[in-house]
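Remarks on the structure that follows.
A short reminder: the numbers here are calculations on the coordinates, not readings from a lab. None of the values given here were measured: they were computed from a predicted structure. With ideal geometry, Cβ positions are generated from the backbone for all residues, glycine too; neighbour counts draw on all protein chains shown.
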Amino acid sequence: MEVKDYCKNVDMELTVWKAKLYDVISKVEKLPTSSKQRMLEEVNGLHIVMAELEDRIDKLRTECPVSWKPEKDEIQGKFSELTSKYNSAAGVLFDYDFGG
């Protein structure tokens with residue numbers, strides 16, 4: 001797979017994650033203030049990982065390195081981290097939805 005195709009695929013995956021993050025944020029906005037404080041760290045963690053992913057993808061787009069496996073591995077690691085943080089945030093949010 002060429003780096004341009006890879007970037008396009010990863011960009012689409014990142015767009016899906018942005019939609020998921022937007023959903024979490026809109027649910028957090030409906031929480032009481034005290035609950036929002038607890039969720040703030042979770043949501044900020046998601047924002048940080050997504051920003052890091054965008055930086056890596058932009059780097060691949062502009063530099064087009066011949067050997068881009070290290071960047072690919074790093075991006076895959078960031079997606080794993082994003083999945084973990086999302087599941088954590090969703091779990092906390094789920095607790096609030098059911099009065100936990």
Give me the distance in nm between label points sitting 7 Å out from Cα along the Cα-to-Cβ direction at E74 and S88, one decimal. 2.1 nm
Once both axes come from the Cα atoms, what is the angle between helix 3-29 and the longest principal axis of the chain, in degrees from 0 to 90, rounded to 10? 10 degrees
How big is the Cα convex hull of the chain in projection, averaged over all directions, in nm²? 6.3 nm²
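So which of K8/K30; K36/K78; K36/K85; K36/K59 end up more than 23 Å apart by C-alpha?
Details: K8/K30 34 Å; K36/K78 25 Å; K36/K85 16 Å; K36/K59 34 Å.
Beyond 23 Å between Cα atoms: K8/K30; K36/K78; K36/K59.
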Using a cut-off of 17 Å between alpha-carbon atoms, which aspartates and glutamates can reach K72, once sequence neighbours fewer than 8 places away in the same chain are excluded? E2, D5, D11, E13, E52, E54, D55, D58, E63, E81
Note to self, the chain gives a 222 nm [θ] from helices alone (DSSP H runs n ≥ 4, -39500 (n - 2.57) apiece, / all residues, nearest 500) of -31500 deg cm²/dmol
Which aspartates and glutamates have a Cα less than 18 Å from the Cα of K27, not counting those fewer than 8 places away in the same chain? E41, E42, D95, D97
When the charge dipole of the chain is computed with +1 on Lys and Arg Cβ and -1 on Asp and Glu Cβ about the Cα centre, the Cα farthest towards its positive end, among S84, I25, I57, belongs to I25
Roughly how tilted is helix 69-97, in degrees to the nearest 10 and between 0 and 90, from the longest Cα axis of the chain? 10 degrees
